[in-house]
1. Just checking, which of 273, 298, 308, 284 is surrounded by fewer than 21 Cβ atoms within 10 Å (Cβ to Cβ) and closer than 17 Å to residue 374 by Cα?
2. Quick check: anything in the range 182-203 within 30 Å of residue 37 (Cβ to Cβ), without any contact (Cβ under 8 Å) to a residue 40 or more places away in the chain and surrounded by fewer than 24 Cβ atoms within 10 Å (Cβ to Cβ)?
3. Counting just the residues of the range 60-70 that are more than 21 Å from the chain's Cα centre (by Cα) and surrounded by fewer than 16 Cβ atoms within 10 Å (Cβ to Cβ), which one comes out modelled with the lowest pLDDT?
4. Six or more apart or on different chains, Cβ atoms under 7 Å: show the pairs whose first residue is in the range 139-158 and under 20 Å from residue 184 (Cβ atoms) and assigned by TED's automatic domain parsing to the domain that holds residue 80 and whose second is in a loop (DSSP other than H, G, I, E, B) and modelled with pLDDT of 95 or more.
5. Looking at (1) at positive phi; (2) at pLDDT 95 or above; (3) surrounded by 18 or more Cβ atoms within 10 Å (Cβ to Cβ), which is the one condition that is false for residue 381?
6. Do you know which residues across the range 262-285 are free of Cβ contacts under 8 Å to residues at least 40 places away in the same chain and under 17 Å from residue 166 (Cβ atoms)?
7. Looking only at the range 283-306, how many residues end up being more than 30 Å from residue 223 (Cβ to Cβ) and assigned to a helix (DSSP H, G or I)?
8. Going by what's in this entry, would residue 115 be described as buried (at least 22 other Cβ atoms within 10 Å of the Cβ) and free of Cβ contacts under 8 Å to residues at least 24 places away in the same chain?
């Protein structure tokens, strides 16, 4: 469906907490160096076939001065990731207290404080706690992260939380974009955050969806994904408002598309029907033809089925031009951060547009022979001028979201 407004949406602030480090600088440096942050799982014990993940280092600066000590003690790891990324994005955008009061929040997540709840049960069963402590449970709801960000940073605009599996934060970016286009707000903070927890890890392992070695998207020997954790935040702003206050514009959200497969609880539609529809809708919303796309930051989870379906989606939309469109997956470095993936990969794509650096798919050694004609970006990446890029997120249950981003001044 064509967009209802021509109001341009600018990205004026970026923040990130990933397994590569505590901020956007660490993320960009790690991506450029081709570092893989997937290593031994240390946050909890797991006796399954896979025991690796992309864990966030402990040293993450969190702005808790404005949060009551009792509340701060109850925050989950995912809440703290969200706070750190949001604070960095607000600083980057130059949002003072007055501007923050007008700022809306759209957040995507899937696990919330599940790990803290699991730990409370473990302690009770192990006899380490005589009773369940209510305070250990208060960080469980998905909405807690957005509430913590609002309280700590003074963001008092409308607030909404999305949970559509792995497309959650991509959907948050789309919703924030629509709110600005419709004139409901001039500023919005889109956030994605998720942490590793036993339930998610054991579930993916039981599905045999995890690779015991670091994942290798699009490789002929790929065996599954690697789970990760982290957060990312983007300040979205009415472009005229951003220019009027002299803000730096990193990139523009040109369009987005959303579609649902309604095919299977975990498997994608064999022909990628929903993903094709989302990609076509995003390009139509942006007013961008497939010929103008310079780079695709793929969902690229590394599972045999999902990668094959995604390549089919790209062939259906880009046709004969696809071999000339660079494609890569940064999940090969960061793991699959679930609900945070859409926002994390949007930040990566924004920086790729600004820096002219195509992120590599690390661990990609022998591409699947079925797509030998594709331009799959391998290590060490590649420097090329970019104007328009696409990033897609596909979630269990058939939740498909695609974003089209453009370099400021180039579109």
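The values are calculated or read from the model by the stated rules, or taken from the named source; none is laboratory data. Predicted, not measured: the structure shown is a model, and the values here were computed from it. Positions of Cβ are backbone-derived with ideal geometry, glycine not excepted, and every protein chain shown enters the neighbour counts.
1. Of 273, 298, 308, 284, the one residue that is surrounded by fewer than 21 Cβ atoms within 10 Å (Cβ to Cβ) and closer than 17 Å to residue 374 by Cα is 308.
2. yes
3. 66
4. 149/155; 150/156; 155/103; 157/102; 157/103; 157/185; 158/185
5. (2)
6. Across the range 262-285, the qualifying residue is only 267.
7. So the count comes out to 7.
8. Judged against the criteria, residue 115 is not a match.
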